[in-house]
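Read the structure below first, then the notes.
The values are calculated or read from the model by the stated rules, or taken from the named source; none is laboratory data. These numbers come from a predicted model, not from an experiment. Glycine also receives a Cβ, built like all others from the backbone with ideal geometry; neighbour counts cover every protein chain displayed.
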Amino acid sequence: MPNKPVVLVNMPVSTQHEVIDAWCRDRLERDFDMRWFQGGKRPTEDELAALAPDAWGIVTGWGACAISPGLAERMPGLKIVAHSAGTVKGVVSEALWARNITVTSAAAQIAVDVAQYAVALMVVGSKNLLGISPAVSAGKWGEPKDARAATDLRYATVGVISASHVGRNVLRLLKHYEVEVLLFDPFVTPEQARELGAEKAGLDDLMKRSDIVTIHAPSLPATRHMINARTLGLMKDDAGLINTSRGTMIDEAALVAELKKGRGLWAFLDVTDPEPPKPDSPLFNCPNLHLTPHIAGSKVRSRNRLGRQAYEELRRCCAGEPPQFAVTEKMLATIA
């Protein structure tokens, strides 16, 4: 098309290769006047302003330069920032909304992978795979007498904390597992919870009744250490706790203390505070605690969905269509 809108790719080349596949790159080049940052490190404001002072759109992602008020001023024609990752909090500034610049996120795409991982951990945790498998691999057939007994996810009560993008995907997946689902989210009504396939519950009630608790809330001052000594003490013996959101949700010292009581409580943490844990962290040697290094989100095979989501938002904006996953300034107070 003549006079195609200028779109700037604001992220290191390595990130570009991760999230923008050949299909996406072809369509970006077809529909827009593309300006690709060519550096291997985080771009600087001066580099971006020199590369595309006439930018109509910007694609951001991991390793992007924050679009400060000063940088935004140097791009007077900017209309949209399409983020090819999750949270936009480290990338955007109030200046964008003050100028009615559209901001979008690919968090909904990442949420699909996180939700699948969380549900997989429910199955693995219920069967106590990681507690039983080492003994079997060592030639001791059967369930070790000193291991937590394997059980089933079916007919369990699962407590979902937050109807976020991830939480809603978890709720969708759990419809296939014949489980009772409790939902804690102060922004969701009982009727909305029922539509999502869950019963709305208070946090204490959820912690008491659930066989498995899975956390999908954003990291905010109000959610810091929402899982603490008091709420952990409410959980059933042999109940499970899964955290794929942010490490700040859990008082880790309280979790370690509760797990060491020997009442069968188990936990999977894909996120910690800090991340990674300090070398001498008690998390590394805690019984019934399994750690993974923040791998729940989109990895190799599905990361191309992030770039494609950004392209789709650019296309829609150019066509005068509303974005699919807009992030408003008001939303910043309640999202990850």
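Which residue pairs have Cβ atoms closer than 6 Å, lie 6 or more positions apart in sequence or on different chains, and pair a first residue in segment 150-162 that is of a type in the set (A, V, I, L, M) with a second residue that is in a loop (DSSP other than H, G, I, E, B) and modelled with pLDDT of 95 or more?
Close Cβ pairs satisfying both conditions: 153/177; 156/179; 156/211; 158/179; 161/217.
Quick check on my filter: what residues within segment 261-274 are within 13 Å of residue 249 (Cα to Cα) and surrounded by 12 or more Cβ atoms within 10 Å (Cβ to Cβ)?
269, 270, 271, 272, 273 - these are the residues of segment 261-274 that are within 13 Å of residue 249 (Cα to Cα) and surrounded by 12 or more Cβ atoms within 10 Å (Cβ to Cβ).
So which of 82, 55 ends up being touching a helix residue (DSSP H, G or I) at 6+ places or on another chain (Cβ under 6 Å) and under 22 Å from residue 17 (Cβ atoms)?
Matching residue, one of 82, 55: 82.
Any chance segment 103-123 includes a residue that's more than 26 Å from residue 309 (Cα to Cα), among the hydrophobic types (A, V, I, L, M, F, W, C) and either at pLDDT below 95 or out of contact with any Leu (no Cβ under 6 Å at 6 or more places or on another chain) (or both)? Can you show your working first?
We begin by selecting, within segment 103-123, every residue more than 26 Å from residue 309 (Cα to Cα); these are 121-123.
This time we only want the ones that are among the hydrophobic types (A, V, I, L, M, F, W, C), so: 121-123.
Next cut, either at pLDDT below 95 or out of contact with any Leu (no Cβ under 6 Å at 6 or more places or on another chain) (or both) only: 121.
Taking every residue of segment 103-123 in turn, at least one turns out to be more than 26 Å from residue 309 (Cα to Cα), among the hydrophobic types (A, V, I, L, M, F, W, C) and either at pLDDT below 95 or out of contact with any Leu (no Cβ under 6 Å at 6 or more places or on another chain) (or both).
Would you point out the residue of segment 292-315, among those that are surrounded by fewer than 18 Cβ atoms within 10 Å (Cβ to Cβ), out of contact with any helix residue (DSSP H, G or I) (no Cβ under 6 Å at 6 or more places or on another chain) and at negative phi, that is modelled with the lowest pLDDT?
Checking each candidate, the answer is 300.
Limited to segment 215-245, what total is found for residues that are under 19 Å from residue 286 (Cβ atoms) and crowded, with 23+ Cβ neighbours inside 10 Å?
Selection size over segment 215-245: 9.
Residues that are touching a Ser or Thr at 6+ places or on another chain (Cβ under 9 Å): which helices (runs of 4 or more DSSP H) entirely in segment 90-205 hold 3 or more of them?
94-98, 107-127, 165-174
Can you tell me which residue is surrounded by the fewest Cβ atoms within 10 Å (Cβ to Cβ) among those in segment 316-335 that are out of contact with any strand residue (DSSP E or B) (no Cβ under 7 Å at 6 or more places or on another chain) and closer than 14 Å to residue 86 by Cβ?
Among residues in segment 316-335 that are out of contact with any strand residue (DSSP E or B) (no Cβ under 7 Å at 6 or more places or on another chain) and closer than 14 Å to residue 86 by Cβ, the one surrounded by the fewest Cβ atoms within 10 Å (Cβ to Cβ) is 331.
Answer yes if at least one residue in segment 97-115 is free of Cβ contacts under 8 Å to residues at least 40 places away in the same chain and within 17 Å of residue 211 (Cβ to Cβ), and no otherwise. Give the derivation first.
Looking only at segment 97-115, we keep the residues that are free of Cβ contacts under 8 Å to residues at least 40 places away in the same chain, and these are 98-101.
From what is left, the residues that are within 17 Å of residue 211 (Cβ to Cβ) are none.
No: segment 97-115 contains no residue that is free of Cβ contacts under 8 Å to residues at least 40 places away in the same chain and within 17 Å of residue 211 (Cβ to Cβ).
Could you count how many residues in segment 290-326 are part of a loop (DSSP other than H, G, I, E, B) and under 15 Å from residue 79 (Cβ atoms)? Outline the logic, then answer.
Step one: list which residues in segment 290-326 are part of a loop (DSSP other than H, G, I, E, B), which gives 292-303, 319-325.
Going one step further and asking which of them are under 15 Å from residue 79 (Cβ atoms), we end up with 319-323.
Qualifying residue count for the region: 5.
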